[in-house]
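Below: the structure, in structure tokens.
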Amino acid sequence: MHPSSGTQESFNALSLASKLTQFAFGSNFNCLNSEGCSSFLPSYLYFNGVGAKKTKVVSSLSLSSIGTSSIRRIVTEFNRAIRFHCERIPIGFASVGITSGDSNGLRDDGLGVLEDEGLSYNGIGSKRPKKVLILMSDTGGGHRASAEAIKAAFNEAFGDEYQVYVTDLWTDHTPWPFNQLPRSYNFLVKHENLWKMTYYASAPRVVHQSNFAATSAFIAREVAKGIMKYQPDIIISVHPLMQHVPLRILRAKGLLKKIVFTTVVTDLSTCHPTWFHKLVTRCYCPTEEVAKRALKAGLQPSQIKVYGLPVRPSFIKPVRPKEELRKELGMDEDLPAVLLMGGGEGMGPIEATARALGDSLYDDNIGEPIGQVLIICGRNKKLANKLLSIDWKVPVRVKGFVTKMEDCMGACDCIITKAGPGTIAEAMIRGLPIILNDYIAGQEVGNVPYVVENGCGKYSKSPKEIAKIVSEWFGPKAHELKAMSQNASRLARPDSVFKIVHDLHELVKHKNYVPNQYSTA
């Protein structure tokens, strides 16, 4: 077989896999058959020869109800290409110095990747700085924000004792089309029905585990290289798609007892089942609701800690006086203020809401404003320029992308934002009542009742209704604003990120990966 032919077969497999993602894995599950195969119908992935000396991974797609010849040809080509890729092209760690021998880079226990036979690993216990690898993906801004918060907390708490690296595993260490994950996500969330279908269809364990198993056949080598080049002592996943494939690799290489693998869940209430994997050392949950979901997914109480959502360490520092912050931001020092946010990209009905606030916060009877607005437009320069050109009746400050969000929140009395978990957690630390004006289907759905039912804020998609709520908070319903501020402060967990890094430090220090009790301390 010439190299060009093998390359073409691999490309065909990836291309066909990409085109056939519309065929979801079936829900019918068959137990091990007489040949030691477990199958999922109508589409299935199985590991052939359980217990045999030589193990082959075979991924196959079969369609029983589609009779067109063109579909059958695609299926036949897909099956042929996958079998070629799995049987002829090593998917183990040959590219990082591990010999494949007669097993074609495949484990004997059917995990699909080869055990460590040649790659040295420094391991825990040496005097070198310990290395932390944080796995994330830019599917929304919250995952990177949590990763950077954890990195900053390690640096602040332990200095040079730890070297912390943040990597987008899918973008940086997988081939096409898998490295298009962030772009695919951004497309899907802009089309709500597509995102709902993707989110809920992949939720059943039989579906996502099968998908991860099939995906591993293509990306195991690249992901192994991406992980092992850092020689990590600790791996932290802050993304729901960063558990299954890395853990399969670590288990295959016999590194689960040498590397602390943890998950930091960054969703406050509803969260996708892929967040939870039974092989993690620790699963850090932001709320009791998420902890219950982790238990339901099969994790042991000893694996779970409820510390809160990790936010930037700067939010722990004492809050400066509002007047001082407002003066620094160019705001009126005396008027109550509302913070209007559109995320890093300045999305949502920002302009319409700002205009409604401009009307409602101006009292025609006295001819004076009763409040002011601070607008964060993120990277949306067009929106910022548009807002700056408006002749406002009330004080309005327009900012682009800001790095000191703690100061912006500290200068205001309430906030209008979409239901992103990071922003909600930060607002609660600052004691800000929250008006939610939107949410992403799936993972952010539960954040709305979490805020509303805990008495921390309200929900409305109407700019006029939102403006009315704010004007009442700054006027006759000031007592409601105060009560919601107290409720928000009560739910806040400002030191969560430091609790997480200190717990990780103890895990590495004592090699005591699993404590004896479920903890919320």
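The values are calculated or read from the model by the stated rules, or taken from the named source; none is laboratory data. All values derive from a computational prediction rather than experimental measurement. Here Cβ is always computed from backbone atoms with ideal geometry, including for glycine, and neighbour counts include all displayed protein chains. Keep in mind that these areas ignore ligands, DNA and RNA; they rest on the heavy atoms of the full protein, side chains included. Shrake-Rupley method; radii C 1.70, N 1.55, O 1.52, S 1.80 Å.
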- line: Going through segment 231-243 in order, the residues found to be open to solvent by less than 10 Å² (accessible area, probe 1.4 Å) and either more than 13 Å from Ile150 (Cβ to Cβ) or hydrophobic (A, V, I, L, M, F, W, C) (or both) are Pro232, Asp233, Ile234, Ile235, Ile236, Val238, Met242, Gln243
query: If you check every pair at least six apart or on different chains, which have Cβ atoms under 8 Å apart with a residue in segment 382-398 that is within 21 Å of Lys327 (Cα to Cα) first and a residue that is surrounded by 13 or more Cβ atoms within 10 Å (Cβ to Cβ) and polar (S, T, N, Q) second?
result: Val394/Gln372; Pro395/Gln372; Val396/Gln372; Arg397/Gln372
query: Can you name the residue in segment 457-488 that is open to solvent by less than 80 Å² (accessible area, probe 1.4 Å), in a loop (DSSP other than H, G, I, E, B) and of a type outside the set (Lys, Arg) and is also nearest to Thr423 (Cα to Cα) among such residues?
result: Ser460
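Kindly establish whether Arg251 is touching a residue at least 60 places away in the same chain (Cβ under 8 Å), more than 18 Å from Tyr165 (Cα to Cα) and open to solvent by less than 10 Å² (accessible area, probe 1.4 Å). Explain how you work it out, then say what you get.
Numbers: touching a residue at least 60 places away in the same chain (Cβ under 8 Å): yes; more than 18 Å from Tyr165 (Cα to Cα): yes; open to solvent by less than 10 Å² (accessible area, probe 1.4 Å): no.
So Arg251 does not fit the description; no.
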message: Looking at Val306 and the list (1) over 17 Å from Cys412 (Cβ atoms); (2) open to solvent by 10 Å² or more (accessible area, probe 1.4 Å), which single condition is not satisfied?
response: (2)
Meets criteria (more than 26 Å from Glu506 (Cα to Cα), assigned to a helix (DSSP H, G or I), in contact with a Gly (Cβ under 8 Å, 6 or more places away or on another chain) and not aliphatic (A, V, I, L, M)) for Arg248: no
- prompt: Which residue pairs have Cβ atoms closer than 7 Å, lie 6 or more positions apart in sequence or on different chains, and pair a first residue in segment 451-463 that is closer than 14 Å to Glu480 by Cβ with a second residue that is of a type in the set (Val, Ile, Thr) and assigned to a helix (DSSP H, G or I)?
  reply: Gly457/Val451; Lys458/Val452; Lys458/Ile469
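If we keep just the residues of segment 320-342 that are closer than 12 Å to Ile415 by Cα and part of a loop (DSSP other than H, G, I, E, B), which is modelled with the lowest pLDDT?
Restricting to residues being closer than 12 Å to Ile415 by Cα and part of a loop (DSSP other than H, G, I, E, B), the top hit is Gly342.
Of the residues Leu188, Leu194, Leu135, only one is within 24 Å of Ile249 (Cα to Cα), at pLDDT 70 or above and either under 18 Å from the mean Cα position of the chain (by Cα) or not acidic (Asp, Glu) (or both); which? Steps first, answer last, please.
Values: Leu188 fails: within 24 Å of Ile249 (Cα to Cα); Leu194 fails: within 24 Å of Ile249 (Cα to Cα).
When all the criteria are applied, what remains is Leu135.
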task: Report, by residue number, each residue of segment 159-170 that is in a helix (DSSP H, G or I), modelled with pLDDT of 75 or more and closer than 21 Å to Gln443 by Cβ.
output: Leu169
field: Residue, most open to solvent (accessible area, probe 1.4 Å), within segment 355-381, restricted to residues that are at negative phi and under 30 Å from the mean Cα position of the chain (by Cα)
entry: Lys381
message: I want to confirm something. Restricting to segment 489-514 and keeping residues that are open to solvent by 30 Å² or more (accessible area, probe 1.4 Å) and not in a helix (DSSP H, G or I), which single residue is modelled with the lowest pLDDT?
response: Tyr513
